[in-house]
Each structure stands twice: as C-alpha cells, then as structure tokens.
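Data first, discussion second: the structure below is written as structure tokens.
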Amino acid sequence: MRTEYHHWYSGRTSREMGLVVYGHWGPPMLAFPTSGGDEWEMDRQGMIAALADFIDSGRVKIVAVNANSGDAFYNKGAHPFHRSYMQAQYDAYVRYEVVPFIRRHCQSDDIGIATMGASLGAYHAANSLLKHPDAFRRCYALSGVYDMKRFMDGLYDDNFYFNNPVDYVSQMDDPHVRGLLAGCEIHLATGHGPWEDKGPTYRMASVLASKGLPHHLDDWGALGGHDWPYWKHQMREYLSRW
C-alpha cells in the first residue's frame, strides 16, 4: 500500500501538524482520530488494514489527520474560551490547510471530500461537513457526540456556538448552505452495543430533521458498539456501497 507522511507547522494551531495519506488513487476521505489519537491512530488500531482492499483497488484514498484535542476541548487547564478558540482554529486548519493539500494531492481543485471519524473523531467529521459543505460531500460519523457544552464549564461564546453542531444547525437558515447540504450524504451511526450511548446521535439526527436536511440515522443495533471492531465493520459496509 502506498503510504505518505506529510507535516508542516500550522500558525492556526501553533504547532506542527502531521497527516498520513494511504493509497495511490481514489476519492479522498479525511479521517479524524479519537480524543487520544493522532494521525497514526487509524493504522495502529487496524482500521487501515481493515480497509486495505478498498484502498489498494483505488476505491478510496484515506488522509488521516491529527487533532488538537489536548489544546482545545480537553485542555482543562485552559479557560473555556481558549478551548473554544483552539477548536475554531482547528476547524480553520482543516478547511484552509488540509483541504487545499488534499485537492493538490488529488490534482483537482474542486474534488468532493468525504469525512469519517469515531467517538470525538465523529464530532470533527460531522462538524467539518456541516460547516463546509462546499468542500466536504459525504460524512461517516460513528458513535459521536455533537453537543460539546460539557467541555465549557457553563460558558459560551461565538467560537463555541459555531463549532457546536446541535446549536448552529438548529439555527441554520442560509439558503445557499442548506442547498449545498441537501446534496451531501450524511451518515450518523450508533447502536446498542457495548459502551455505546445512542442518545447524542439520535439528538443530532433530530436537529437535522427539524431543518429538513437529508441524512441517514444508521442504528446498527448490537453491531453498533463503541469500539474499533464495530467501527471497522461499519466502515467496510459503508465503503462497499461506494
């Protein structure tokens, strides 16, 4: 499997950020790590191996990125407004640094990019598409949480609002953005398997439904657990339908 490592200093996140490209050709999919992961987590946890046949056959090119969770919502030593600011900066890094990189790598200025992630990665996957449907066209959010208020110690500001999907989507009235989202494919996956809480996924789906935004609420039942074996099975099923 063709594997490339790229990294650069991001002034937005104020640190070196790395990403790994898996595959030589195919529609790109941006993969976000869980709260404790980095750009190599998908490989370490066996997700890349589980999807190797799709990657090697050119059905998908996976770009696995790092996140700044320790600088943002998980930085309990920082003021909540610094946490929300750093999340806003990460969102900008994804849209204005990672997206151009992917387009250059795919030699296309307007190629549609899919997102995927599990747990906290599902939040990033959904938030990225919902905020930037001009760049992202498909989303696989597995076992996610889409209301981050518990990380803000009761405080609230604009940076938080515009990165808290259950809030900004519920007020989303821009016809241009809604039109773009209407053409996207959004999958919110959950179930009642081990360690899974389906409440956040159902709530996000209800917010999307209240705005008339098309989406798929995929309840995998006993196969919807909060762990890597479940997420690997789900992603194999999703990619088999591409």
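Among 122-133, 58-69, 32-43, the peptide with the highest mean count of other Cβ atoms within 10 Å heads the list, and the full ranking is 122-133, 58-69, 32-43.
Work through the residues other than GLN45 whose Cβ is under 10 Å from its Cβ and net out their charges, Lys, Arg +1 and Asp, Glu -1. Working shown, then result.
Values: positive: ARG44, LYS232; negative: GLU41, ASP43, ASP227.
Neighbour charge sum, excluding GLN45 itself: -1.
Toward the positive end of the charge dipole of the chain, with +1 on the Cβ of Lys and Arg and -1 on the Cβ of Asp and Glu, the farthest Cα among TYR156, SER240, GLY11 is that of SER240. Summing charges over neighbours of LEU142, with a neighbour being any other residue whose Cβ is under 14 Å away from its Cβ, gives -3 when K and R count +1 and D and E count -1. Given the choices (1) 15.3; (2) 13.7; (3) 12.1, mean projected area of the Cα convex hull in nm² derived from the coordinates of this structure is entry (3). Using the average count of surrounding beta-carbon atoms within 10 Å as a protection proxy, the listed peptides 231-240, 137-146, 203-212 rank, highest first, as 137-146, 231-240, 203-212.
Within the chain, count lysine pairs with alpha carbon atoms under 21 angstrom apart where the residues are 8 or more positions apart or belong to different chains.
On the way: LYS61/LYS232; LYS76/LYS149; LYS131/LYS149; LYS131/LYS211; LYS149/LYS198; LYS198/LYS211; LYS198/LYS232.
So the count of such lysine pairs works out to 7.
Within the P(r) computed for the stretch 45-177, what percentage of the Cα pairs occupies the region above 18 Å?
58
Send over the Kirkwood Rh of the stretch 11-92, from the inverse of the averaged 1/r over different Cα pairs, rounded to one decimal Å. It works out to 13.8 Å. Evaluating 6.51 cos²θ - 1.76 cosθ + 1.60 at θ = phi - 60° for every residue in the stretch 198-211, the Karplus couplings come out as 7, x, x, 5, 5, 5, 4, 4, 5, 5, 4, 5, 5, 9 Hz, glycine and proline recorded as x.
FYI, it's all coordinate maths here, none of it is from the lab. From a predicted model like this one, the values you see are computed outputs, not experimental measurements. Glycine gets a Cβ as well: all are built from the backbone with ideal geometry, and neighbour counts include every protein chain shown.
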